[in-house]
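The structure under discussion appears below in the form of structure tokens.
The values are calculated or read from the model by the stated rules, or taken from the named source; none is laboratory data. Only a predicted model underlies this, so the values are computations on that prediction, with no experimental measurement involved. Note that each Cβ is placed from the backbone with ideal geometry, even for glycine, and that neighbours are counted across all protein chains shown.
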Amino acid sequence: MRMAKTVFPGLGSPITHVDVTYDGKWILGTTDTYLVLICTIFKDKDGKEKTGFSGRMGSRIAAPRLLKLSPLDSILAGNDNKFHGGQFSWV
């Protein structure tokens, strides 16, 4: 088992699915009520661009973006609807 290079802070809701871009620059986490988009790109102490998979980000972690339905869309979708299996698509 390997130790993680970077740990991202939790936001409260449990993550039910994770997808990562082919180049490791973006992570998409799915919860029941929202999606979490995290950029893993940072510059190391030598100024080289890296991802959180290839180096330790430390305090250089970018703020995650929360993507959720607007209140109106949430009402239209109903109470029993949940996000599941969010993923990146490449056309």
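The residues of the stretch 40-63 that are buried (at least 16 other Cβ atoms within 10 Å of the Cβ) and either in contact with an Asp or Glu (Cβ under 6 Å, 6 or more places away or on another chain) or not aliphatic (A, V, I, L, M) (or both), listed by number, are THR40, PHE42, LYS50, THR51, GLY52, GLY55. Consider ASP80 carefully, then state whether it is assigned to a helix (DSSP H, G or I) and either touching a residue at least 60 places away in the same chain (Cβ under 8 Å) or within 19 Å of SER13 (Cβ to Cβ) (or both). Taking the combined requirement at face value, the residue does not satisfy it. For the stretch 39-63, which positions are in a loop (DSSP other than H, G, I, E, B), at pLDDT below 90 and closer than 20 Å to ILE27 by Cβ? Those that are in a loop (DSSP other than H, G, I, E, B), at pLDDT below 90 and closer than 20 Å to ILE27 by Cβ: ASP44, GLY52, PHE53, SER54, GLY55, ARG56, MET57, ILE61, ALA62, ALA63. Number of residues in the stretch 74-91 that are small (Gly, Ala, Ser) and surrounded by 10 or more Cβ atoms within 10 Å (Cβ to Cβ): the value is 3. Going by what's in this entry, would ASP19 be described as among the acidic types (Asp, Glu), outside any loop (DSSP other than H, G, I, E, B), at pLDDT 90 or above and touching a Gly at 6+ places or on another chain (Cβ under 8 Å)? Taking the combined requirement at face value, the residue satisfies it.
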